[in-house]
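So the structure is just underneath, and the comments pick up after that.
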């Protein structure tokens with residue numbers, strides 16, 4: 001199963017140093033039955049793109065909680081055995097947790113298929129979105145507009161061999 005692990009550049013640097021995305025259980029996003037129902041598509045690529053975007057939002061939440069992290073969303077796509085992934089059907093049906101899964105045990109960075117990161121030109125919008133996230137969660141329409149501004153930026157695709165360069169460029 002393909003899972004999308006939300007990180008920050010600092011988290012990616014840590015994964016690069018340790019060789020693990022996390023010890024587990026690890027929160028990730030994936031194409032779950034709840035996500036399928038919400039997105040209403042049978043197209044696998046569209047569903048995976050939706051899961052990737054949900055992970056980008058989760059990465060934004062990580063940035064909102066870590067003022068010191070470089071202001072770029074990071075998502076690592078990894079392939080794990082189906083048996084290593086569980087979804088809480090009650091939690092997964094809530095709008096904030098659509099597609100959320102837990103990956104049991106450690107997740108080696110070697111299982112990563114690709115890395116998706118904001119370009120440098122997204123940093124101002126991502127910074128603003130991280131600052132507006134709490135208000136947006138509270139129902140503030142203006143704050144939601146700011147959060148949506150970050151979502152207008154497509155994450156760039158990187159091969160796993162480029163992780164060292166990404167981490168180095170970020171200064172971690």
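Answer with yes or no whether residue 170 is modelled with pLDDT under 95, more than 20 Å from residue 28 (Cα to Cα), exposed (fewer than 13 other Cβ atoms within 10 Å of the Cβ) and touching a helix residue (DSSP H, G or I) at 6+ places or on another chain (Cβ under 7 Å).
Values: modelled with pLDDT under 95: yes; more than 20 Å from residue 28 (Cα to Cα): yes; exposed (fewer than 13 other Cβ atoms within 10 Å of the Cβ): no; touching a helix residue (DSSP H, G or I) at 6+ places or on another chain (Cβ under 7 Å): yes.
So residue 170 does not fit the description; no.
Residue 118: more than 17 Å from the chain's Cα centre (by Cα), free of Cβ contacts under 8 Å to residues at least 60 places away in the same chain and at negative phi, yes or no? Judged against the criteria, residue 118 is not a match.
Scanning region 128-164 for residues being within 30 Å of residue 16 (Cβ to Cβ) and part of a loop (DSSP other than H, G, I, E, B) gives a total of 5.
Select from region 34-64 the residues that are in a helix (DSSP H, G or I) and without any contact (Cβ under 8 Å) to a residue 12 or more places away in the chain and write down the one among them that is farthest from the chain's Cα centre (by Cα). Quick ask: steps written out before the conclusion?
Step one: list which residues in region 34-64 are in a helix (DSSP H, G or I), which gives 34-39, 44-64.
From what's left, without any contact (Cβ under 8 Å) to a residue 12 or more places away in the chain: 36-37, 39, 45-46, 49.
Details: 36: 18, 37: 20, 39: 18, 45: 17, 46: 16, 49: 11 Å.
By that ranking, first place goes to 37.
Here residue 26 meets each of (1) modelled with pLDDT under 95; (2) closer than 28 Å to residue 123 by Cα; (3) buried (at least 18 other Cβ atoms within 10 Å of the Cβ); (4) in contact with a helix residue (DSSP H, G or I) (Cβ under 9 Å, 6 or more places away or on another chain) with one exception, condition (4).
For region 1-19, the set of residues classified as in contact with a helix residue (DSSP H, G or I) (Cβ under 6 Å, 6 or more places away or on another chain), surrounded by fewer than 22 Cβ atoms within 10 Å (Cβ to Cβ) and outside any helix (DSSP H, G or I) consists of 1, 19, listed by residue number.
The values are calculated or read from the model by the stated rules, or taken from the named source; none is laboratory data. Model, not experiment: these values are computed from the prediction. Neighbour counts are summed over all protein chains in view; Cβ atoms, including those assigned to glycine, are modelled from backbone coordinates with ideal geometry.
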